[in-house]
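Engineer: My questions will all concern the structure given below.
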Amino acid sequence: MHGLGQTRAGDPLLSKAVAALTTGIESLKGRGEKLRRGRAGRGDIGAFRDVIDNVEGTGRGAGAVIEDQVPSASQLAGPCSCLARPIR
């Protein structure tokens with residue numbers, strides 16, 4: 001194994017966190033499109049919250065400090081600057 005796989009194999013807490021994250025990502029597939037199209041219901045929003053809570057709980061259980069970070073209006077309005085590329 002290389003990189004994260006090797007680290008995860010030697011760290012049971014990291015392994016639990018990655019498993020929680022992987023399960024959460026799988027459960028959310030397709031919901032992003034519903035949100036973009038304005039078709040998401042309470043269950044869809046609740047699923048996002050459940051995944052966040054599960055990952056946070058796993059992190060806290062591993063001793064990580066979890067802080068809520070609320071995006072600014074400009075972050076919500078525009079694309080991520082890390083993905084911006086100059087147009088030629």
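Engineer: Once phi is turned into θ = phi - 60°, what whole-Hz ³J(HN,Hα) does the Karplus curve with 6.51, -1.76 and 1.60 give for every residue of segment 63-72, x standing for Gly and Pro?
Structural biologist: Rounded to whole hertz, the list is x, 7, 8, 10, 10, 5, 10, 8, x, 6.
Engineer: Order the following by accessible area, largest value first: ASP44, ASP11. Probe radius 1.4 Å; ligands, DNA and RNA are ignored. Can you show the working numbers first?
Structural biologist: Details: ASP44 15, ASP11 60 Å².
Of ASP44, ASP11, the descending order of accessible area is ASP11, ASP44.
The values are calculated or read from the model by the stated rules, or taken from the named source; none is laboratory data. Every value quoted in this text rests on a predicted model; they were computed, and no experiment measured them. SASA here: full protein model, heavy atoms, side chains in, ligands and nucleic acids out. Shrake-Rupley method; radii C 1.70, N 1.55, O 1.52, S 1.80 Å.
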